[in-house]
Amino acid sequence: MPRTAIPYTTPDISALAKSLRDQLARQGPAPGHVEMLNILARAAGAKNFQHYRARSEPLEAPPAPAADLARVEKVARQFDPQGRLLQWPAKPSHQALALWGLWAALPAGDAVSEAVFNGRLNALHAFGDPAILRRSMVSAGLVSRTSDCRDYRRIEQRPPADAQALIRRLRGRTAP
């Protein structure tokens, strides 16, 4: 779970130091993480950390990184006009991006057997190795499978910027 940055300011550093000293002296043994957050919040004039957090203005999320269009273009060239992956890319970063292109072509919310999933993968690539694609998609967290490997399902998630650009690039091609 990503952490939300909460700004911490104090108008008087001397008063902050005195408050921290007094609270730590009453505390006894070294405080844990949550208690230290509460101490800091009380020193800043809040009841506790939750109260301090509720008063704080959330910071804007950092902008999403832009897509690496040169890499997207290199990976897009690995697909034929019908949107099939022609060969397994040599570079792991290109493999990961190519998997997103295949992921986008799989139906959402559909649990299927391994044989059906292999059939769908065979329709999406031209090099005859659905096992490497199946295992790689599971390892990358794009597809889930049951512990007995009987059912496979696409995991719904938001693709990263590079993957979104590749999916858009491949969308104009017709799937087999």
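Structure data summary
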| quantity | calculated |
| --- | --- |
| Segment 88-162, accessible area per residue, ligands and nucleic acids excluded (1.4 Å, Å²) | 49 Å² |
| Most fluctuating residue given options Glu35, Glu156, Glu114, as computed from a GNM of the chain linking Cα atoms under 10 Å | Glu35 |
| Relative packing of 143-151, 47-55, which averages over residues the other C-beta atoms within 10 Å, highest first | 47-55, 143-151 |
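The values are calculated or read from the model by the stated rules, or taken from the named source; none is laboratory data. Quick caveat, the model's predicted, so the values are computed rather than measured. Virtual Cβ from ideal backbone geometry, glycine too; neighbours counted across all protein chains shown. For the accessible areas, the whole protein counts, side chains as well, though only heavy atoms, and no ligand, DNA or RNA atoms are used. Shrake-Rupley method; radii C 1.70, N 1.55, O 1.52, S 1.80 Å.
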